[in-house]
Amino acid sequence: MKKALLFVLAIAAVLSVCSTVLAADLPTINFWTTGSQNVQDVFAEVIKAYNAKEDRAANVELQFILSGTGETSMRSRYIAAYKAGNSTDFDILGENGMGFLQIVQEAEQEGIENPEGIFVDLDFSKIPNLENVKMVPCIYPEKLVPYRGTTVVFDYDSAFVPEPPQTWDELVEWMKANPGRFVYNDPDTGGAGSSFVTAAIYRMIDDPDAFKNASDPKYQEMWDAGFEWLAEIHPYIYSSGGHVQYAVKNQGSLDLLGQGEVWMTPAWADGTLTALENKTLPETVKMYQLSDLSLTGSDVDMAVCATSQHVDEAYDFLNFVISPEAQQIFVEVMKAVPVIDTSLLEQTASVEAVSLLNPADFNIVSTGANDALLKERWAEEIATLN
Amino acid sequence: MKKPKSNWKTTLFIIGALTPAMLVSLGLVVYPMINQVIRSFKDPKTGAFTFDNYIYLFTNKLSSNAIWYTVVVSVLTVLLSIGIAYLLAMYLRFSNSKISKTIGNLYLIPRFIPSLVAVYAMKTIIADSGLLNRISLHFNENSVFYNYKPGMLYNIKGILFMNCWFNIPFATMIIVAALAGISESVVESAQDVGAGKALIFFKIILPLSYKDVLIAATFVFMSNISSFTTPYLIGPNFPSMLGVYLRKQFGNSKYEIAAATSVVIFVLCSISAIVYLYTNMKEQAWEEN
């Protein structure tokens, strides 16, 4: 018995020595992010490419949280880890610009003294590839490195809608002329619907800065007109069995569009392009924006956590993610809008498809803490209308 | 009698074998449960004791409707699926036809299909543009069947239909086992003394199987109170069921409301658990006699 115990202890000792030797060789850094399945797929590929590089500074591990199963818990977990001290495994976080604003706001609520200090101020000289990047993060430019863009667009099926409406007013007329042929998803279940609701409400606010400062609590009182507008279009939304039904999840709207039940819906550009490639949407589906106001888009960024023990190694990974090699993966795997000029990429069908979306036209909005209130009010006032 | 020498070893072994299960249930079930109950009485900002979360839950339009809707859906699911399952189980038990045997082999298949797959599969059939609709498009345009839209999705009909699909096989399995325990000779001897079919059912079959029916009903009720996949994917936007409502609260970081919702789900489940325990204890009393 004693011998066996000694044997086990010996093995454990050898193993722990080995692992420390390996760790000293190349540190492991954790990249945390959240999103739909395609985000996981794309980072699995990007990280695989990075970890295969001879001159890498670290081994990167992906810590992925599927959207809808706890994107809030990623925020809370990081904040809890930050409060607990430095010995944590949070090195790099990937989120859209608005997500970072929410993390910082939550940190503030949790009583962290310098809430913005939970992310490192970056030394951009250590990220040479940044010179190619043409996208600017919507917030915290000294902390964030954008790695892809994403935007919500209107999808329409040109087989049924040869001439789609061009303005928001025309859109309403079109809905009234084609009842049941438009749907947006419950904003609580996906970003496409939430972008539509945000755009619909903030466009009614008579303030040119409303979109830019959307997180300001003062706007909450000015939402009424937008909600009235949403109530006005409610009867013309898709219905089944005699009741209006808002799609569940971004994919829910795309399913209805693919089956020809609706002819027009807000959707993520990358989701649409991927669905077109997979033939789950008919070829006649096209994307566009209304001329008087685009649906909201976002920069998706990376930030280095203040808890990281490997900040220098993290720079090397950030630099790789915005390199042409990695950007090509983002375009090919998830049809993301690259942050570098598409002329730097190998010209493929996917690159051609995304080059139509210009990040400069993105209507970037960060509703911050107002986002949850907006969704709550939508659930209470619009979902209950039936 | 001399005690076996290794008795303390046996005791130690039993304790050792039980400890992991005990620790797991204490750590992963009891502790979080107590935590949730405490949290449901806390003010989200100050952490002070309050009933506000429960007051909100029972007065807010969304949540009070969610509670009511969940109870209605669960009760209707229990009535429908147990009713159908009982009839099916009787048929399987007392018929020896080929059809009965085939059904007996097939009826458990839905148990082996993951719920997400099943819901999506059913959607492709009963959606307004689904299989049924596509078949109906082949009818004559003047026919009543032409362009038939089931209208089953996104309302209570769809949820009940899907719940039956999941729960009938399970309930049938339990009831068939109970009916199998009724020996042929009991039924035959009743027939010999001239009892009719109705009398045999009410005096023999029902009394001998109702406990298992109640157990099946308890399990169906409990699994539907907290169901998520079905109401999330094919339920209406409003009212939503408690599982869906709970997820939304959690997603919006309203952990105290979420905790109170969990406690309500827990209380509703406890009611059926009490029924379950009560039936089981009655059985023990009967065995003693």
Filtered hits (aspartates and glutamates, Cα-Cα < 15 Å from A:Lys218, offset >= 8 within chain) -> A:Asp206, A:Asp207, A:Asp209, A:Asp371
Percent of alpha-carbon pairs separated by more than 33 Å within chain A: 36
Average partner chain C-beta neighbours within 10 Å, per residue of B:57-66? 1
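With an 8 Å cut-off on Cα pairs and a minimum separation of 6 or more residues, tell me the relative contact order of chain A in percent. Write out the running numbers ahead of the final one.
On the way: 655 pairs, mean separation 103.9, N = 386.
Relative contact order comes out at 27 percent.
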When the chain is fully extended, how far beyond the present Cα-Cα distance does B:His138 get from B:Thr19, taking 0.36 nm per residue of separation? 36.4 nm
Can you pull the three principal axis extents for the Cα set of the range A:52-181, in Å, largest first? 60, 39, 26
Show me, bin by bin at 5 Å from 0, the whole-percent P(r) of the range B:48-288 based on Cα pairs. 1, 6, 11, 13, 14, 14, 12, 10, 8, 6, 3, 2, 1, 0, 0
In deg cm²/dmol and to the nearest 500, what is the mean residue ellipticity at 222 nm of the protein assembly as shown if only DSSP H runs of at least 4 residues count, each as -39500 (n - 2.57), divided by the residue total? -17000 deg cm²/dmol
Amide H to amide H, which residues 5 or more places from A:Asn358 or on other chains are under 5 Å from it, using H placed in the peptide plane? none
Summarise the partner chain shielding of B:233-241 as one whole number: the mean count of Cβ atoms from other chains within 10 Å of each residue's Cβ. 6
Return the average number of partner chain Cβ atoms within 10 angstrom of each residue Cβ along peptide A:239-251. 5
Amide H partners (placed H, <5 Å) of A:Gly297, local residues excluded: A:Val152, A:Asn363, A:Ile364, A:Val365
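How do A:355-361, A:256-262 rank on mean C-beta neighbours within 10 Å, highest first? Can you show the working numbers first?
On the way: A:355-361: 14.4, A:256-262: 21.0.
Highest mean packing first, the order is A:256-262, A:355-361.
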Separation of the range B:142-168 and the range B:1-80 by C-alpha centroid, Å? 35
Can you give the three extents of the C-alpha atoms in the protein assembly as shown along their principal axes, from longest to shortest, in whole Å? 96, 88, 51
Take the cross-link list A:Lys279/A:Lys335; A:Lys53/A:Lys335; A:Lys249/B:Lys123 and give me the ones stretching past 21 Å between alpha-carbons. A:Lys53/A:Lys335
Would you list which lysines come within 17 Å of B:Lys254, measuring only between C-alpha atoms, while excluding same-chain residues fewer than 8 positions from it? A:Lys375, B:Lys42, B:Lys45, B:Lys61
Mind listing the long-range amide H neighbours of A:Ser239? Cut-off is under 5 Å, sequence gap 5 or more, other chains count too, H placed in the peptide plane at 1.01 Å from N. A:Gln245
Per residue of the range B:171-178, in order, report the coupling 6.51 cos²θ - 1.76 cosθ + 1.60 (Karplus, θ = phi - 60°) as ³J(HN,Hα) in whole Hz, putting x for Gly and Pro. 5, 4, 4, 5, 5, 4, 4, 5
Note on the range A:144-299: contact order normalised by length, alpha-carbon pairs under 8 Å, 6 or more apart, percent, works out to 46
Who wins for biggest fluctuation among B:Leu153, B:Leu137, B:Leu88 in a Gaussian network model of chain B, springs between alpha carbons below 10 Å? B:Leu137
J(HN,Hα) series, the range B:243-260, from Karplus relation 6.51 cos²θ - 1.76 cosθ + 1.60, nearest Hz, glycine and proline x: x, 5, 4, 4, 4, 5, 4, 5, x, 9, 6, 8, 5, 6, 4, 4, 5, 5
Ranked by GNM mean-square fluctuation in chain B (Cα springs under 10 Å), the top entry among B:Pro236, B:Pro32, B:Pro20 is B:Pro20
Dipole of the range B:48-288, positive end: most advanced residue of B:Leu79, B:Leu233, B:Val264 [Cβ charges, Cα centre]: B:Leu233
Under the Karplus relation 6.51 cos²θ - 1.76 cosθ + 1.60, θ = phi - 60°, what is the ordered set of whole-Hz ³J(HN,Hα) values for the range A:208-219, x standing for Gly and Pro? x, 8, 4, 5, 5, 10, 4, 7, 5, x, 5, 6
Could you name the lysines whose alpha carbon sits less than 25 Å from that of B:Lys101, not counting residues in the same chain fewer than 8 places away? B:Lys197
Packing rank of A:108-115, B:188-195, B:124-131, B:242-249, where each peptide gets the mean count of other beta carbons within 10 Å, highest leading: B:242-249, B:124-131, A:108-115, B:188-195
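Laboratory data are not the source of any read-out in this text; all were calculated from the coordinates shown. Just so it is clear, the structure is predicted and the values come from calculations on it, not from any experiment. When we count neighbours, we look across all protein chains shown, and the Cβ atoms used for this are built from the backbone with ideal geometry, even at glycine.
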